[in-house]
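Peer 1: Got a structure here, written out as structure tokens. Questions coming.
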Amino acid sequence: MDDTRLAPAVGIVAALAVVAVLAVPYALIDTPGTVGAYYGGGLVDPQFAGLFALVAVIVFAAGRQERSDPALAAGAGLVFGLFTLLFCALWAFTVPADFVLSLTTETAIEYHRYLLVVVALFLPAGGLWYARALRLV
């Protein structure tokens, strides 16, 4: 299989997975306004990571279909992936654990922030793979 087509597809899937994981608390927490407090409890709001991930979808798709320069798309995808990972990690490791557990009785929310960081790791990995497939790195 052609890595120059597969790598940006992995980046697209990873970016959409970040957005999907960011949407999970809306299904787990049923008290209105609590999700906003949950996402506002850390150093940065991880919903910025969702915005960067959605832009990464456009960047990877444009590079994959050669509507933009693939080298530029690979670099931009890598940068957006790194910033997405940074925002997710800064938020996940600064949210107080007792605050998270006080929001709901659902125990899955306890591991949500770490799952978000793990999923966000795949986004810069897709950008790096795309850059390697284009022999830029």
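Readers should treat all values here as calculations from the given coordinates under stated rules, not as data from a laboratory. This structure is a prediction, so every number in the text was calculated from the model and none was measured. Quick reminder, even Gly has a Cβ in these numbers, built from the backbone with ideal geometry, and neighbours come from all protein chains shown.
Peer 1: Of the listed values (i) 44, 32, 26; (ii) 57, 28, 22; (iii) 48, 23, 21, identify the label whose number matches Cα extents along the principal axes in Å calculated from this model.
Peer 2: Identified label for the calculated read-out: (iii).
Peer 1: Counting Lys and Arg as +1 and Asp and Glu as -1, each charge on the Cβ, what is the dipole of the chain about the Cα centre in debye, to the nearest 20?
Peer 2: I would put it at about 440 debye.
Peer 1: Can you sort Tyr39, Tyr114 by how many other beta carbons sit within 10 Å, fewest first?
Peer 2: Ranked by crowding around the Cβ, least crowded first: Tyr114, Tyr39.
Peer 1: Based solely on its DSSP helices, what 222 nm [θ] is calculated for the chain when runs of n ≥ 4 H residues each add -39,500 (n - 2.57) and the sum is averaged over all residues, nearest 500 deg cm²/dmol?
Peer 2: -25500 deg cm²/dmol
Peer 1: Using Cα pairs closer than 8 Å and at least 6 residues apart in sequence, work out the relative contact order for the chain, in percent.
Peer 2: 38
Peer 1: Between Arg5 and Arg132, what is the label-to-label distance in nm when each label sits 7 Å out along the Cα-to-Cβ direction?
Peer 2: According to this spin-label approximation, the distance is 2.1 nm.
Peer 1: Still on this structure, please answer the following. Mean Kyte-Doolittle of at least -1.0 and a Cα length of 27 Å or more along the axis: which whole DSSP H helices of the chain meet both?
Peer 2: Flagged H segments are 3-28, 70-92, 109-133.
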